[in-house]
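The values are calculated or read from the model by the stated rules, or taken from the named source; none is laboratory data. Please read all numbers here as calculations on a predicted model, not as lab measurements. In this analysis, Cβ positions are derived from the backbone assuming ideal geometry, glycine residues included, and neighbour counts consider all displayed protein chains. Please note that ligands, DNA and RNA were not included when accessible areas were found on the heavy atoms of the full protein model with its side chains. Shrake-Rupley method; radii C 1.70, N 1.55, O 1.52, S 1.80 Å.
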Amino acid sequence: MSRSLSARLGLMLMGLFALLAAVLVATSQQMFELQRLPHLAAELALGSIAFTLAAALLVFHFFTRRLRQLEQALDRFGVADLIAPVRLAWARPDGDEIDRLAFNFGALTLRIAEQLRMLERTDRERRELLANVSHDLRTPLASMQGYLEMLLLRHGSLPPEEERNYLEVAAKHTERLGRLVNELFELTKLEADRVELQKEVFPLAELAQDVAQKLKLRAHTRGVEIVTHFGAASPSVTADIGMVERVLENLIDNAVRHTPEGGKVSVDLAAVGERVEVCVADTGRGIAASDLPYVFDRYYRADRTEGEKATHAGLGLAITQRIVALHGGAIRVESRIGEGTRFIFDLPAAPRWPAAREAVSF
Amino acid sequence: MNKQVLVIEDNEDIARLIKLQLSDLNCNVKLVFDGTRGAEEIAAKTYDLLILDVMLPGVDGMEILRRVRARPDYMPVLMLTAKSSELDRVLGLEMGADDYLTKPFSVLELCARVKAIFRRVTAMGSAQASDSALVRRGELSLDPERREVQVAGRSVDLTAKEFDLLLYFARSPGRVHTREQLLSQVWGYSHSGYEHTVNSHINRLRAKIERNPNEPEYIQTVWGVGYKFAGSGKGEAA
């Protein structure tokens, strides 16, 4: 099997010249008749011109046939909005140059079609996010506008306590709007990969303890207890300390908010091979199995139905997942209705001292 | 005596709001709405506090901060920023801003921060005169005046905040501090979203002064509570 165009061309020309030689041998008896010599020379010259033309046409047709097919296929690809990739039966990676060219074109168009599909999906998701976000931005904005306009309209005629009441409502919605805008900004930045991780080696248990302590008061006022089980042997990780704090805070705060009075939120760590696993578990109301696959979606919110009472923007878990992914880890959720929910994520374990001293320079 | 405050902020509504609030704190407030005029203003006069926006027309906030810090005298700076990215925060603080607030901020928070800065500046003035005695704990010795640290006779290179944190720990051995306490005592402010800087500094300090940072001898963790400097206060001060 010849694998290059020049080899094929050589073979074809050899065949044609062999044919020519056979014709010459067949006519060779007449060559020795002297009186016919000038006539023969003229015939030979004409014959070779005609032969060369015919041979060139044949060879040209043979080689351009596949190029024509390829060109037509690419035209069809363009007409079909770049979604149906080019597939030619003869295109293969082990053929001659034209076979390989067609094969590569096929692979290229397949990739273009796939990427286009992905872009369309991202675009659809973004539109949905925007629609959801503008709804949630508009709700507090409408309240703010309404109460402030009311204050301007009735200025001087409202009893002071009512005026204060209106102002408090407006201030509460301002705060909610601010939080949502901040989370949106954070998530957009994380998704655009514009974040550089400032990695350092640190004992994860210490950070978890500090975060738990920070949230203890808030948990206490809701009648929820935060329990941590750490000791001196707790593993260190190599990660961005500020971002890991954000993850722990999101998960613990989330757990506290979804746990009824008298409940418990526990935080545990375990070294698993080269990774350190963190588990934040609560004794809350749990998440329905049908909702579990969507908890990390950008706009999921378990308490969406609570309307005005649901003051959290719902981007926290999407942010959490993105941060864990940036650290090469994964986050998963397990839940049972009425029993509670567990979020488990992992981070890269730090090399043991003194290797850590070389791994991270301060 | 009234404090002199300069506000460099291009959003005039926000600038006026700050002026209204600070006037209640007995401050004379001057407003400047662009970076170029702001830079001229700080070159000409010394203020008790500079409130500085990061994004400014003309000379930008970071450049103004750099110029303020290049001056021989100390002018406290409170940065305002609409970008809440961690990098901006760290940059602002590492470059020597005294505190920062991200927009939108509450006016109550602004007043509390401004008061805290004034308190700290006053405290700094009185502390500088006293308490320059050498602190020795085990193999560790700290010279507050020259801001030098030695471990077993070997001198260790610390950043300004690392030194402050170590000195704070070493002056109260055996006492347990929570992370929030350390942030407000050593950094002088408490801000949700910046506490992890304490963890970072403790890590770096351990890496620099401990024999084995996994089993620290000096800065120890008290599980469930916070951090303490080893010992019971018996360390000798020379």
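Please work out which one of (1) of a type outside the set (A, V, I, L, M); (2) within 15 Å of the chain's Cα centre (by Cα); (3) at pLDDT below 80; (4) in a helix (DSSP H, G or I) is the condition B:Phe118 fails and give its number.
Going through (1) of a type outside the set (A, V, I, L, M); (2) within 15 Å of the chain's Cα centre (by Cα); (3) at pLDDT below 80; (4) in a helix (DSSP H, G or I) one by one, B:Phe118 breaks only (3).
So, A:Gly262, is that one open to solvent by 40 Å² or more (accessible area, probe 1.4 Å) and away from chain B (no Cβ under 12 Å) or not?
The answer is yes for A:Gly262.
Of the residues that sit in region B:41-78 and are under 20 Å from the mean Cα position of the chain (by Cα) and among the charged types (D, E, K, R), which one is farthest from B:Phe118 (Cα to Cα)?
Looking at the filtered set, the residue picked out is B:Glu63.
Just one of (1) assigned to a loop (DSSP other than H, G, I, E, B); (2) open to solvent by 40 Å² or more (accessible area, probe 1.4 Å) trips up A:Lys216, so point out which.
Only one criterion in (1) assigned to a loop (DSSP other than H, G, I, E, B); (2) open to solvent by 40 Å² or more (accessible area, probe 1.4 Å) is unmet by A:Lys216, namely (1).
Checking the conditions here, which among A:Ala208, A:Ala142 is surrounded by fewer than 12 Cβ atoms within 10 Å (Cβ to Cβ), more than 8 Å from chain B (Cβ to nearest Cβ), of a type in the set (A, V, I, L, M, F, W, C) and part of a helix (DSSP H, G or I)?
Being surrounded by fewer than 12 Cβ atoms within 10 Å (Cβ to Cβ), more than 8 Å from chain B (Cβ to nearest Cβ), of a type in the set (A, V, I, L, M, F, W, C) and part of a helix (DSSP H, G or I) holds for just one of A:Ala208, A:Ala142, which is A:Ala142.
Of all the residues that make up region A:170-183, how many are closer than 17 Å to A:Glu249 by Cβ and within 8 Å of chain B (Cβ to nearest Cβ)?
1
Of all residues being within 12 Å of chain B (Cβ to nearest Cβ) and open to solvent by 30 Å² or more (accessible area, probe 1.4 Å) in region A:244-259, which is nearest to A:Val195 (Cα to Cα)? Just the residue, please.
A:Arg246
Residue check, B:Leu110 against (1) open to solvent by less than 80 Å² (accessible area, probe 1.4 Å); (2) modelled with pLDDT under 85; (3) not polar (S, T, N, Q), all met but one. Which one?
Result: B:Leu110 passes all but (2).
Could you pull out the residue among B:Arg211, B:Arg206, B:Arg154 that is at pLDDT 90 or above, open to solvent by 50 Å² or more (accessible area, probe 1.4 Å) and on the phi < 0 side of the Ramachandran plot? Give the steps one after another, and end with the answer.
Details: B:Arg211 fails: at pLDDT 90 or above; B:Arg206 fails: open to solvent by 50 Å² or more (accessible area, probe 1.4 Å).
Selected residue: B:Arg154, the only one of B:Arg211, B:Arg206, B:Arg154 that is at pLDDT 90 or above, open to solvent by 50 Å² or more (accessible area, probe 1.4 Å) and on the phi < 0 side of the Ramachandran plot.
In region A:262-290, what residues are more than 24 Å from A:Gly329 (Cβ to Cβ) and assigned to a strand (DSSP E or B)?
A:Lys264
Those residues that are open to solvent by 50 Å² or more (accessible area, probe 1.4 Å) and more than 9 Å from chain B (Cβ to nearest Cβ), I need them from region A:184-193; list them, please. Write out each step before concluding.
Here is the first cut: in region A:184-193, the ones open to solvent by 50 Å² or more (accessible area, probe 1.4 Å) are A:185, A:188, A:191-193.
Residues satisfying the conditions are A:Thr188, A:Glu191, A:Ala192, A:Asp193.
Got a sec? Which of A:Ser134, A:Ser143, A:Ser236 is among the polar types (S, T, N, Q) and in contact (Cβ under 8 Å) with a residue 40 or more places away in the chain?
Just a single option satisfies the conditions, and that option is A:Ser236.
Taking the condition hydroxyl-bearing (Ser, Thr, Tyr) and either part of a loop (DSSP other than H, G, I, E, B) or in contact with a Lys or Arg (Cβ under 8 Å, 6 or more places away or on another chain) (or both), does A:Thr188 pass?
no
Output the residues belonging to region A:59-93 that are open to solvent by less than 80 Å² (accessible area, probe 1.4 Å), at negative phi, outside any helix (DSSP H, G or I) and touching a residue at least 12 places away in the same chain (Cβ under 8 Å).
Within region A:59-93, A:Ala84, A:Pro85, A:Val86, A:Leu88, A:Trp90, A:Ala91 qualify.
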